[in-house]
1. Considering only DSSP beta bridges where both residues belong to the chain, give the percentage that are antiparallel (nearest 5).
2. Cα-Cα over 26 Å: which of LYS171/LYS241; LYS180/LYS215; LYS19/LYS104; LYS98/LYS360; LYS19/LYS93?
3. Using only Cα atoms, figure out Rg for region 2-95 and give it as a multiple of 2.2 N^0.38 Å.
4. Do any of LYS293/LYS427; LYS117/LYS355; LYS551/LYS571 go past 27 Å between their Cα atoms, and which?
5. With +1 on each Lys and Arg Cβ and -1 on each Asp and Glu Cβ, and nothing else charged, work out how big the dipole of region 2-95 is about its Cα centre, in Debye to the nearest 20.
6. Run the reach check for LYS513 against aspartates and glutamates, Cα to Cα strictly under 12 Å, same-chain hits fewer than 8 apart removed. What comes back?
7. Starting from one equal scatterer on each C-alpha and no solvent at all, send me the Debye-based log10 I(q)/I(0) for region 261-399 at q = 0.12 Å⁻¹, two decimals.
8. For the chain, what is the charge dipole size about the Cα centre, in debye to the nearest 20, if Lys and Arg each add +1 at the Cβ and Asp and Glu each add -1 at the Cβ?
Amino acid sequence: MKEHSALQQGLQVILDTVKTLPLRPGVYRMLDAAGQVLYVGKAKSLKNRVRSYTLVDQLPIRLQRMVFSTSSMEIITTKTEVEALILESQLIKKLQPKYNVLLKDDKSFPHIYIQKKHDFPQIYKKRGVNEQEAYCFGPFATIDAVETTMVALQKVFKLRNCTDSFFSVRKRPCLQYHIKRCTAPCVGKVTYENYHQQVAQAVDFLKGKSQAIQKSLEQKMMEAAADEEYELASIYRDQIKDLNKIQEHSNITPIGILNADIMALHEEKGCVGIQVFFVRNGQNYGNRSYFPKHSSDNTVEEIFQQFILQFYESRPTPKEIFISHELPEVSLISEALTEINRQDIQVLHPKRGDKQRFMKHVTSNAINAVKRKLLETANQKELLQRLATFLDLAEVPEWIEVYDNSHIQSRHAVGAFIVASEEGFVKQAYRKFNIKDSSVFGDDCGMMREIFRRRFTRSDTEEYWTFPDVVMIDGGLGQLNAVLQTLEELQLPKMPVIMAIAKGPDRNAGREKIFLSGKPAIQLDFNDPLLFFIQRLRDEAHRFVIQTHRKKRGTQMTLSALDEIPGIGPKRKKTLLHHFGSVKAIKDASVEQLEQVNGISPAMAQIIYSFFNPES
């Protein structure tokens, strides 16, 4: 009866809203009683589109639940349907509504940069695009793809990869020179003209002019051999061999595609995977798999369309996007992307020729990615079901948080938690905490209290907030009781199931004890799959908190060296680091170089130099 009443109430909200709507394009938002956005949609005609939600019997169960939860609606009218489509995509990306198709990956892609304004330009990698500071090439699908290309480029073109601060203080060649990956411009081993020739060749290669470079190198090799300069000829020969290796390892290069993203969608057993290949300057820059969050009643066309719009909402768009499916609103998508990027963008479905053959290759990758995902998900579901049975839960847990902390003799204390779900580890939801209360340093229970107090009292401000079904702690009965007491004090509207995993005698894996509130300690069989699952979750939390601890310790230990120099306060320390880039570069600097820093007098330069070079 209550459910029927709530449905009628939600339906009435929509009916009342329809009366006020125009027959114009726009975007509508449905909100629940707490003001959380449930759904964002766009419409060519707001009145007609929103009215369709009043036909409750014709709606899928998912949308019936949405109507059931709707307490209010917000409307924005737009001039055109294209504007509505762009605004819808932006709001979905920002608000992450429960009932929309969602792309959770917000990371920008890595690029390769080669400096413009330096006598001896550096090659380096960075996420995002900024073509003012350097030549920019990308995007690359993964960091691994960038690393592989960077190493190959250094082997062939021998550009420096050190920072400007490191470069400016070198007195002799570093290891990169000795392993033949740099020509050591820092100490004059190469002339300005020759180094810039290396830079020009690297830029041309990344622009897709590899054949011209290869022919040029072959010509130089033959000329050197004819002049009996055999050592120089062998250098050109090795460059040509390394260049061939890069081209061999560039995977399948699409014929007839210069700058484009190629996207293929595959659906199997309710799992939708989208494979994206990045082609720039005729070269394959790698591929990546995506699995957008969706409901079972979303069509593949709806999912694909929302994916494309959200994918490019905050990323540069190539002039051509090739897709595996014909979409009903493809022209609208092209118009929206054209307006966002202020240049003509075409979304195309290849049906014949080289592009269609390459699309088959991309689709094959999508199929394989979905099959792997289904296998992983099936294993994860089975393990989550085992965990639910073990904990006497009525439903399989959807969100698990695993907590750990780390310190060395009470110093550099940090805490962290990782998240696991049916999809595996949810890395964008990981969180870390610098322990602020110095009175709990070295006290594992005290640190756990602080972590849980901070985590569970900032739910209103946390942008990415999901209440956990199960919480695991790396610790014993003491940590469990400390956490239970803290959560009871916070008077949460509901309590997750809390379990603590204590390491076995001599910290032996397989002999762990599990503590639950009000129950004696439990020890699972050493070859129980559930124990392996719990160990994997705990080990991931341990890895993450140790990584966090090392970063904090490394930063503090590095900066503490400057703190020990008499007369160096926060302002001078900041100035020195800004000028040199690192403490190591300051340590390697001469007195004359230190004097060049704004605010560093000759006397202070001598003090700094003497501190790092006590024997001189």
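1. Working: 56 of 73 bridges.
Approximately 75 percent, going by the DSSP bridge assignments.
2. Numbers: LYS171/LYS241 32 Å; LYS180/LYS215 22 Å; LYS19/LYS104 35 Å; LYS98/LYS360 33 Å; LYS19/LYS93 29 Å.
Flagged as over cut-off: LYS171/LYS241; LYS19/LYS104; LYS98/LYS360; LYS19/LYS93.
3. Details: Rg = 12.8 Å, N = 94, 2.2 N^0.38 = 12.4 Å.
With N residues counted in region 2-95, Rg over 2.2 N^0.38 Å equals 1.03.
4. Details: LYS293/LYS427 15 Å; LYS117/LYS355 39 Å; LYS551/LYS571 23 Å.
From the list (LYS293/LYS427; LYS117/LYS355; LYS551/LYS571), the Cα-Cα distance tops 27 Å for LYS117/LYS355.
5. Values: 14 positive and 8 negative charges, 44 e Å.
Dipole magnitude for region 2-95 comes out near 200 debye.
6. ASP474, ASP525
7. With no solvent term, the Cα-only Debye profile gives -0.56.
8. Working: 84 positive and 73 negative charges, 125 e Å.
Approximately 600 debye in magnitude.
Readers should treat all values here as calculations from the given coordinates under stated rules, not as data from a laboratory. Just so you know, these numbers come straight off a predicted model, no measurement behind them. When we count neighbours, we look across all protein chains shown, and the Cβ atoms used for this are built from the backbone with ideal geometry, even at glycine.
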